[in-house]
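Read the structure below first, then the notes.
Quick note: the coordinates plus some simple rules give every number you see, no bench work behind them. Being a predicted model, the structure only gives us computed values, none of them experimental. For neighbour counting, all protein chains shown are included, and Cβ atoms are generated from backbone atoms with ideal geometry for every residue, glycine included.
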Amino acid sequence: MSVVRSASLLVSAAYQRRRRVVNAGMLSITGLLTLLALAPLFWIVGYVIARGGRSLNLAFFTQLPRPLGMDGGGVLHAIEGTLLLALLASAFAIPPGLLAALYAARHPNTPLGVALRFATDVLSGVPSIVIGLFGYALIVRPQGHFSALAGGAALALIMVPTVTRTTEEMLKLVPHSLREASLALGAPEWKTSLSVVLPAALNGILTGVLLGIARAAGETAPLLFTALGNERFEAVQILTGAIQGRQGIGQILNRLFEQPVDSLPLTLWKYAQQPYPERINQAWAVALVLMILVLVLNITARVWIATRARRLRG
Amino acid sequence: MRVPVNRSESANAASPTPQTKIQVKDLAVAYGSFRAVAEVNLEIPETAITAIIGPSGCGKSTLLRTFNRMTDLVAGARVTGEVTLDGADIYAPTVDVVDVRRRVGMVFQRPNPFPKSIFDNVAYGPRLYGVSRRAALAEIVEHSLRKAALWDEVRDKLHTSAPALSGGQQQRLCIARALAVEPEVILMDEPCSALDPIATLKIEDLMRSLAVTYTIVIVTHNMQQAARVSDITAMMMLGEDRKTGTIIEVGDTKSIFTGPKDKRTEDYVTGRFG
């Protein structure tokens, strides 16, 4: 009996040694692969900062492009265009996205709920250039001209799946007991959803919206056939001009939405193709600004999610 | 086991001829083909505390949830038999479920305050029923919080977050929230199972004081709690098939704990089972 036990102890000591070696080996491999996976990220960020940082100055943010051959000038048109497009896309995407998520979270196993989730997944997988073409066929062709409106609509289609899925997940995080508490007080379903469940998930939903905006703000392809680009677009000028000229709200909206606009990714795409060094340098600077914009949106959203999760646990 | 029943006796003495508030006749609840509870007959007296005790999974909560039709919310749940509130069947097709739930409030196992301010939690119910004047709401909120023995602790921070309160305070807030719509019956589904002994004692004291005006039904698997607070105790257990729960004995709390008629009740309350 005692012999058997000591033998098994010997075996287990050898086994322990082997286990430690394998463990150390696996740990190094996973660590190495992690570094390998992270390397491109830091490489890209570092390279863009190095190349783009040089051309950044105040004028870059406050001026329109100058004609080729002239130094200076900025990409105010693209910054304003990006904001305008993001605003339009949000206006188109958020209301239906929220309502769809409310439905899908509440009725996950009904035919419509399943169809909704399936459709959202499919939509998020549609190539963005196809969405651009869709916007062209649906809005640009009938209207006869490119516009911010068409660009915003195309970006909204990019945004909807992100908004819907994040919102749905956040709504599912709301404890069922909260819904029950409201219903037990005699509140109807819709009232419970709107005044208890939705506010409880609000921070998470805002996060989803921010992620959606970040995603849409970085898209180029959907804009090629819709917003097209417009180096003379200046929203502040349009607004001040409109106020001085006492134009009606309809006229102002018309001038803002019904002409082509540029966006940062679109500008980057165009500048990078040009054979002029100053344009190439500006393209790098645009890349930097775009990256910072998307990064800030992303980080804000994620910090928001983290504090939210802490609050729900606490 | 020593069973302190003296408080129950005094409560019984205060209401010598209790009226029946809720009457359950031949009630059965099925989830799909699974019969969770069946053949339940029970009378719940007015302005008294009725405890439903029994081992886990015997259908106590399911039974409790038929009293304010929360079972309606479970897909596939089917209730047969009769539950009457003041003699009127609450499952009759003409009955408005909102009205049932206003008259029969509920407090849950885990405190579940809304992630809003203390004030907005209590005011939620009254606002549902159309009270919108600030002064009227403030009055209801204070009144409800006083009744729930929470006012003195929160009067200076009514507009701070409710989930920041302690567990015991949260549960009393949930009771105040239920009281704010002036219910007649309060259902409590193991209201102290997530609380420490001191918070539990506060809730039990509160229940005794509420029982003067309200009809209270509490589900608990803490027998000492049932013995401490309730006037009537109903013993629930799985039937012969080990699947379907039913009530095997009802009586005033003292006799259930000191001289149960059913052997299974005796085994349970003396700790030989469960």
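Could you check the simple spin-label distance between B:Asp205 and A:Phe42, using points 7 Å along Cα→Cβ, in nm with one decimal?
With each label point 7 Å from Cα toward Cβ, the separation is 6.1 nm.
Could you list B:Thr84, B:Thr270, B:Thr244 so that the one with the fewest beta carbons within 10 Å of its beta carbon is first and the one with the most is last? Please report the intermediate quantities before stating the final value.
On the way: B:Thr84 16, B:Thr270 12, B:Thr244 19.
Final ranking by Cβ density, sparse to dense: B:Thr270, B:Thr84, B:Thr244.
Could you compute the FRET efficiency for A:Asp71 and A:Leu194, with r as their C-beta to C-beta distance and R0 at 41 Å, rounded to 0.05?
According to the calculation, E is roughly 0.15.
Which residue fluctuates the most in chain A, going by a Gaussian network model with Cα springs under 10 Å, if the choices are A:Tyr15, A:Tyr136, A:Tyr103?
A:Tyr15
Between A:Ala306 and A:Glu169, what is the FRET efficiency for a Förster distance of 22 Å, r being their Cβ-Cβ separation, to the nearest 0.05?
With R0 = 22 Å, the Cβ-Cβ based efficiency is 0.90.
Which FRET efficiency, nearest 0.05, do A:Arg279 and A:Phe257 yield, Cβ-Cβ r, R0 22 Å? Kindly include the intermediate steps, with their values, before the conclusion.
Numbers: r = 28 Å, r/R0 = 1.28.
The computed FRET efficiency comes out at 0.20.
Once every DSSP H run of n ≥ 4 in the protein assembly as shown is given -39500 (n - 2.57) and the sum is divided by its residues, what mean residue ellipticity at 222 nm do you get, rounded to the nearest 500 deg cm²/dmol?
Roughly -18000 deg cm²/dmol at 222 nm, from the helical runs in the protein assembly as shown.
Using the charge dipole of the protein assembly as shown (Lys, Arg: +1 at Cβ; Asp, Glu: -1 at Cβ; taken about the Cα centre), state which of A:Met26, A:Val197, B:Ile53 has its Cα farthest towards the positive end.
The Cα lying farthest towards the positive end belongs to A:Met26.
So if I average 1/r over every pair of distinct C-alpha atoms in region A:58-313 and take the inverse, what Kirkwood radius in Å does that give?
For region A:58-313, the Kirkwood estimate is 19.9 Å.
Distance from the Cα centre of region A:111-170 to that of region B:102-119, in angstrom?
40
Using a simple spin-label model with points 7 Å from Cα along the Cα→Cβ vector, what separation in nm is obtained for A:Leu239 and A:Ile292?
2.1
Springs between alpha-carbon pairs under 10 angstrom, Gaussian network model over chain B: which of B:Phe114, B:Phe34, B:Phe257 fluctuates most?
Answer for the Gaussian network model of chain B: B:Phe34.
Across region A:1-137, how large is the tail of the calculated P(r) beyond 26 Å, expressed as a percent of all Cα pairs?
Of all Cα-Cα pairs in region A:1-137, 67 percent lie more than 26 Å apart.
Based on the Cα gyration tensor of chain B, what are the three equivalent ellipsoid semi-axes, each the root of five times an eigenvalue, rounded to whole Å and given largest first?
Computed over chain B, the values are 30, 22, 17 Å.
Given N residues in region A:104-234, what is Rg(Cα) / (2.2 N^0.38 Å)?
That works out to 1.31 for region A:104-234.
Viscosity 1.567 mPa s, temperature 4 °C: give me the Stokes-Einstein translational D for region A:211-267 in µm²/s, with Rh taken as the Kirkwood radius over C-alpha pairs.
D, rounded to a whole number, is 103 µm²/s.
Calculate how large, on average over all directions, the projected area of the Cα convex hull of region A:69-148 is; give the answer in nm² to one decimal.
8.1
Just tell me which aspartates and glutamates come within less than 15 Å, Cα to Cα, of B:Lys261; anything on the same chain fewer than 8 places away is out.
Straight-line reach from B:Lys261, under 15 Å: B:Glu249, B:Asp252.
By counting other Cβ atoms within 10 Å of each Cβ, how are B:Glu240, B:Glu46 ranked from fewest to most? Please list the in-between numbers first.
Working: B:Glu240 7, B:Glu46 16.
Listing B:Glu240, B:Glu46 from fewest to most nearby Cβ atoms yields B:Glu240, B:Glu46.
Could you pull the Rg and Dmax for region B:121-239, using just the Cα atoms, both in Å?
15.2, 53
Determine one quarter of the surface area of the Cα convex hull of region B:25-78, which equals its mean projected area, and express it in nm² to one decimal.
Over every viewing direction, the Cα hull of region B:25-78 projects on average to 4.1 nm².
With the crude spin-label approximation of a point 7 Å out along Cα→Cβ, what separation in nm comes out for A:Thr110 versus A:Val130?
Going from the A:Thr110 label point to the A:Val130 one covers 2.9 nm.
Quick one: order A:Leu210, A:Leu41, B:Leu238 by neighbouring beta-carbon count within 10 Å, fewest to most.
By the 10 Å Cβ count, ascending, the order reads A:Leu41, B:Leu238, A:Leu210.
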